[in-house]
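See structure below.
The values are calculated or read from the model by the stated rules, or taken from the named source; none is laboratory data. Everything quoted here is computed from the prediction, not taken from an experiment. Reconstructed Cβ throughout: ideal geometry from the backbone, glycine too, with neighbour counts over all protein chains shown. Heads up: the accessible areas ignore ligands, DNA and RNA and are worked out on the full protein's heavy atoms, side chains in. Shrake-Rupley method; radii C 1.70, N 1.55, O 1.52, S 1.80 Å.
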Amino acid sequence: MRLLFLYWLMKKFFLFPFFIACICVSCTFDAKLDSSLVLAKENRKELEQVLKHYSQDKLKYQAASFLIKNMKDYYWAEYTNGENYIRTVDSLCQITDFVITDFMADIDSINNRLNKEIKKHPLYKKYDLKYMTANELIRHIDLCFEVWQYPWARNVSFADFCEYILPYRIGHEKFEDWIGLYRNEMKISIDQFISNKNTARDICDSLVCKSAEKEFFYATIVPDMSLSSLLYSKIGIGNCKELQALSAFSLRSLGIPVAIDFTPQWAKRSMGHGWCTLVGTDYQIPFLYHDKVLLGEHLADMKQRDGLAKVYRRMYSEQDGTLVSLQPQEEIPPLFEDKHLKDVSEYYFEPMDVTVTLSVAPPQKKEYAYLAVFNNREWIPIDWGQIKNEKVRFRKIAKGNVYLVTYFHHGKTCPASAPFIVEENGNIKFLVPDKSSFTTVSLKRKYPDKEHIYELAKNRTVGGKFQIKVDGLGHFIDIYTINKFPKMLAPTSIIFDIPVTATAFRYLSAPDSNVYLAELEVYDEHDELIEGKIIGTDGSWHDNGRDKYKVFDHDLLTYFDAPVSSGGWVGLSFGGTRKIKRIVYVPYNDDNGINKGELYELFYFDKGWVSLGEKYGDNSYIMKYDKVPRNALLLLKNKMKGSEVRIFTQEDGKHKWW
């Protein structure tokens, strides 16, 4: 009897709670699915038809449930005149004989014209819950299960299958039968992959290399409007978002799991970036179609140069622990309104956690603060943390970048701390200006060199010669050869210890360079500009208008593109004897150097940008400020033109762009 009583107690107090817990789990699952069905309204019967169709197939039923219960936030962005845009771009796909520059001009013209028309009308969000048909969803699920049976896909787990193969969309593009069409187009390749016993990694590598053989045209797509995904397979046009769609849909149609990863904002330049990631049991490989680098090296150069600070993965399912899931009672940045984000930074760099004491009071009571990086104009949030005892902790942060903790108020960020550097050794250095100790700052540029422009200018300049003609001598003689390119792309001075006497002066191009000189000046022993008659090689490369006169037009963005690759030259005839003390030359460049006659302003950051005054550039082409607070984050702006600026630190001649 006692044993029966104990058994009864166990059932009552142990098994019963377990039974209740099981019911609650079931209710939670059903509640989420039911919630989606309720939101579907008149379309509920279509979605229920899908569930009924798979009622005897447990795995496909789970897959259908996964799609439907996570479908709430997905929609197709439809614009008035949007179809006209797609048809117009599609018509350009039929053109096979075209000049790239003309084609891009047509694309830009279409964008500019249709943008104006499209923006006159509201955006219509056609939510999948209300418009997805049973036939569409059933066909898609069946095809996904078919491709899951390919030899290279059989080891993909059901969880990875649901997130990285099964989803029918990755953004707000129009829903299409992409899996069937892409797979049919690659039928011959599929047979070869099976015959060769290729792995998913082999196939991805093969298709990325094949795509790199084709042209891709980078163009600005109508804001927030995603074109037909199938259009990308005909002609590569768009930006990284369009490349993500092309890459993901193509590979997922073969049963290869592909994730959508992105950094919301680079830490050392403007903009963010998105790419695809090949997901395996023991690897995460970043790539994009049309890559010109080896598989897996998509981010190799960008990580350090551009500053990879945070990486998110856009999952199909809603993720636990997102900020929006906590139902904050204050406004939050748009990035964190996404329920589908997963922080995957650890796949891309060795992360660390950072705890910061807030030193600036919020404009009103705030529960959350945000880690931000600078995008050349303002501080952009990339992570969030909950404020506790005037401190906030951020997780999975990259080293080697400058950050600022901010609040989010009335749609904008505002400082919550001093900016700080997370050094490579993990130390934190706060940039609090020392107004009792000062340094001198000298600058030749307001923005870091762009590697591709710098290398092009270097290759076209090294080997170039400066020559003079003197009385009684009929030919030019060398006075200086550019054997070493300057470390920074900016106006460069060559100063002679003893002035050189000449009646004419010229620059003779380096071999195979087409001259590629932007500006040229000569100064006398009194540092006065010497003028003369422009002389040199006549014409321009294919008559593009970039002739010798561009070297003296005081515009650093124009340059001489000579009609001959070697032997081209440009210079001045003085009409008499002059003494040359200094030469200033400017190679092909991006016009981010210091220019004479233009107004600049230097700022340091102290709870906001504080001006150190305005100054005009002079013919030294160097901007110099005395009495700059030490340990300050700085920013130099050209007040007359240009938008590219970049934060930096500089003390005792040691300059560092951030």
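Data table
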item: Kirkwood hydrodynamic radius over Cα pairs of region 504-594, then Stokes diffusion coefficient at 10 °C and 1.306 mPa s, in µm²/s; result: 119
item: Solvent-accessible heavy-atom area per residue, rounded to whole Å², over region 377-523 at 1.4 Å; result: 46
item: Chain lengthening between Lys45 and Ile188 when straightened (0.36 nm per residue, less Cα-Cα); result: 47.6 nm
item: Dipole magnitude of the chain, debye to nearest 20 (Cβ charges: Lys/Arg +1, Asp/Glu -1, about Cα centre); result: 1820
item: For Thr439, residues with placed amide H under 5 Å, excluding near neighbours; result: Lys627, Val628, Arg630
item: Hz values of 3J(HN,Hα) by residue in region 552-560 - Karplus curve (6.51, -1.76, 1.60), Gly and Pro given as x; result: 10, 9, 6, 10, 6, 8, 9, 7, 8
item: Additional length obtainable on full extension of the chain from Gln364 to Asp497, 0.36 nm per residue less Cα span; result: 41.6 nm
item: Point-to-point label distance, Thr577-Lys624, nm (Cα→Cβ direction, 7 Å offset); result: 3.4
item: For region 556-655, with +1 on Lys and Arg beta carbons and -1 on Asp and Glu, the positive-most of Gly567, Val645, Leu635 along the dipole; result: Gly567
item: Between region 467-507 and region 592-615, the Cα center-to-center distance that results, in Å; result: 33
item: Two-decimal Rg/Rh across region 305-440, once Rg and the Kirkwood Rh are taken from alpha-carbon atoms; result: 0.97
item: FRET efficiency estimate (nearest 0.05) - Cβ-Cβ, Ser270 to Tyr549, R0 25 angstrom; result: 0.15
item: R0 of 35 Å, Cβ-Cβ distance Ser437-Met640: FRET efficiency to nearest 0.05; result: 0.65
item: Positive-end residue of Asn459, Tyr289, Phe552, charge dipole of the chain with Cβ unit charges; result: Tyr289
item: FRET E, pair Lys126, Lys52, Förster distance 35 Å, beta-carbon r, rounded to 0.05; result: 0.90
item: Full-extension gain in nm, Ala31 to Ser566, via 0.36 nm per residue minus C-alpha separation; result: 185.1 nm
item: Label point distance in nm, Tyr616-Lys458, each placed 7 Å from Cα along Cα→Cβ; result: 3.6
item: Residues in region 373-402 reached by a label modelled at Glu601 [backbone nitrogen below 18 Å; 7 Å Cα→Cβ]; result: 376-379
item: Inter-probe distance in nm under a simple model that places probes 7 Å from Cα toward Cβ, at Asp202 and Met352; result: 4.3
item: Trypsin sites (Lys or Arg not before Pro) restricted to region 155-213 and DSSP loop, no more than 13 other C-beta within 10 Å; result: Lys197
item: Overall form of region 424-548 per C-alpha gyration tensor (a/c, 1.5; a/b vs b/c); result: prolate
item: Mean-position separation - Cα centroids, region 28-56 and region 336-361, in angstrom; result: 35
item: Check: region 279-373 dipole with +1 on Lys, Arg Cβ and -1 on Asp, Glu Cβ, in debye; result: 180
item: Volume per residue that the Cα convex hull of the chain spans, once the total is divided by residue count, Å³; result: 227
item: Estimated 222 nm signal from helices in the chain, with DSSP H stretches of n ≥ 4 weighted -39500 (n - 2.57), rounded to 500; result: -8000 deg cm²/dmol
item: Mean shadow area of region 291-370, taken as a quarter of the surface of its Cα convex hull (nm²); result: 7.8
item: Region 557-621: C-alpha gyration tensor shape, a/c 1.5 cut-off, then a/b vs b/c; result: oblate
